[in-house]
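Report on one structure; see the data block that follows.
The values are calculated or read from the model by the stated rules, or taken from the named source; none is laboratory data. All of these numbers come straight from a predicted model, not from anything done at the bench. When we count neighbours, we look across all protein chains shown, and the Cβ atoms used for this are built from the backbone with ideal geometry, even at glycine.
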Amino acid sequence: MKSVVAIAVLGLGVLLLVFGSLWATLFSGTSSWTEEKVERNAQVKSRMNDVAHLLLRPTSNKTTLQAEMDALTKENDELNAEFTSATESPKSMSKYMKWAGISLAVIGVIGWYSVNQTS
């Protein structure tokens, strides 16, 4: 009975290790980072570039442009944070699954070895 539990823990560890290796490939985060967000991110960056150049001109309305630049910077930061989250979340989950799998596999091997030594 103890041997079955040790082998089950070992099997679960190997299964988690395999799923952890495939997780980032299977769930790449494309469901939360859509094409519309890609286009909006490009538009915001392009407009930020235009406004930055307009701010350098001496005849421009600096207060209006600076307010627009602040709003664009805030939106850009939000989009960048969302992109980072979409790309890093599957990698983090994959890492946790791999380490949990390795830990369970090691515990399973130690358990199996100790059960076999006492028999």
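Some notes on this structure:
Residue-by-condition table, conditions (1) part of a loop (DSSP other than H, G, I, E, B); (2) surrounded by 11 or more Cβ atoms within 10 Å (Cβ to Cβ); (3) of a type in the set (Lys, Arg):
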| site | (1), (2), (3) |
| --- | --- |
| Ala6 | no, yes, no |
| Val18 | no, yes, no |
| Ala24 | no, yes, no |
| Asp50 | no, yes, no |
| Thr59 | yes, no, no |
| Lys91 | no, yes, yes |
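- Cβ pairs under 8 Å, 6+ apart, first in region 86-102 and of a type in the set (Lys, Arg) and at pLDDT below 85, second surrounded by 17 or more Cβ atoms within 10 Å (Cβ to Cβ) and assigned to a helix (DSSP H, G or I): Lys91/Ala24
- Val38 being closer than 30 Å to Tyr113 by Cβ and either exposed (fewer than 11 other Cβ atoms within 10 Å of the Cβ) or not small (Gly, Ala, Ser) (or both): no
- Residue that is farthest from Ala42 (Cα to Cα) [pool: residues in region 67-84 that are polar (S, T, N, Q) and surrounded by 13 or more Cβ atoms within 10 Å (Cβ to Cβ)]: Thr73
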